[in-house]
Amino acid sequence: MPDAGNPTAGSNPDALRLASEARDTAVWREWLGSMARDPEAALAFAIAYRDMSDTARDHWLGSLAADASSLDLPKIALFGPLLGVEENAERRARILAQIDGPEEESVPSAVHQAFAGTAPDGTRIVVLVLPLYLDFVQLLCCGIRGGRFTHVRHDPIALSSRAPRERELIDGAKVERLPLKSALDEIASAILSHKRDGDELSPALQSIVSLLGDVGP
């Protein structure tokens, strides 16, 4: 179990579940307190919840609701990670009902951004920065050559300070800022090519399908 003074050291979803089930107040509250500043803790939190049974999820939401009022942090920090993995409409509504703090606490500090550049071998590198909540974003980096993906990397939750900057070297390409729509169009075109060839999309790409809309068969 993580040390109470550094709850995210060696963090993993199993340890988090055990802390919750045991209701170890010191460890559990340290975990919850880290939600607003540590992306690894937030991701472990979401994974632990994702892997639970329906009954366990209901119990965990009840525990969170009971503990949230005694913690000095925005409720979005506790419940935001769960929205990314919860698909049940009733539980999603229950989670959203808990995020009732001041509106400014729920607004992401980052903005949607896109960057792109071309590597020496002709690979087009496209990077998306998508705000989540507070100072957290998700990052998607795609390599595209010949209309098809060469690689895709997805960081589902990261601090906004990790987002790329203009003229940063990424996968051999010096990227420049690009309008978000232009970046989405490039990715959508590559997705369309993959679909036409009957290739399966990676989980990372499926995570932004809602942004791309229906790009067709």
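The values are calculated or read from the model by the stated rules, or taken from the named source; none is laboratory data. Bear in mind the structure is a predicted one, so any value in this text is a computation, not a measurement. Note that we place each Cβ from the backbone using ideal geometry, even for glycine, and neighbour counts take in every protein chain shown.
One line per residue, one yes/no per condition, for (1) under 22 Å from the mean Cα position of the chain (by Cα); (2) β-branched (V, I, T); (3) modelled with pLDDT under 70:
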position: K174; (1), (2), (3): no, no, no
position: A183; (1), (2), (3): yes, no, no
position: I187; (1), (2), (3): yes, yes, no
position: K195; (1), (2), (3): no, no, no
position: V215; (1), (2), (3): no, yes, yes
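A single member of A44, A65 is crowded, with 23+ Cβ neighbours inside 10 Å and part of a helix (DSSP H, G or I), and it is A44. Whether any residue in the range 157-168 is farther than 26 Å from L82 by Cα, among the hydrophobic types (A, V, I, L, M, F, W, C) and touching a residue at least 24 places away in the same chain (Cβ under 8 Å) is what I want to check. So far as the range 157-168 goes, no, none of its residues is farther than 26 Å from L82 by Cα, among the hydrophobic types (A, V, I, L, M, F, W, C) and touching a residue at least 24 places away in the same chain (Cβ under 8 Å).
What are the residues in the range 145-189 that are in a strand (DSSP E or B) and more than 19 Å from E200 (Cα to Cα), if any? I'd like the intermediate steps shown before the answer.
Residues of the range 145-189 in a strand (DSSP E or B): 145, 148-159, 169-170, 173-174, 176-177.
Selection gives D155, P156, I157, A158, L159, L169, I170, A173, K174, E176, R177.
Being at pLDDT 90 or above and buried (at least 18 other Cβ atoms within 10 Å of the Cβ) is the filter; apply it to the range 120-138 and report the residue that is farthest from the chain's Cα centre (by Cα). Give the derivation first.
From the range 120-138, those at pLDDT 90 or above are 120-129; that's our starting set.
Right, trim to buried (at least 18 other Cβ atoms within 10 Å of the Cβ) and you get 123-129.
Working: T123: 26, R124: 24, I125: 20, V126: 18, V127: 15, L128: 12, V129: 11 Å.
Checked the range 120-138; the qualifying residue farthest from the chain's Cα centre (by Cα) is T123.
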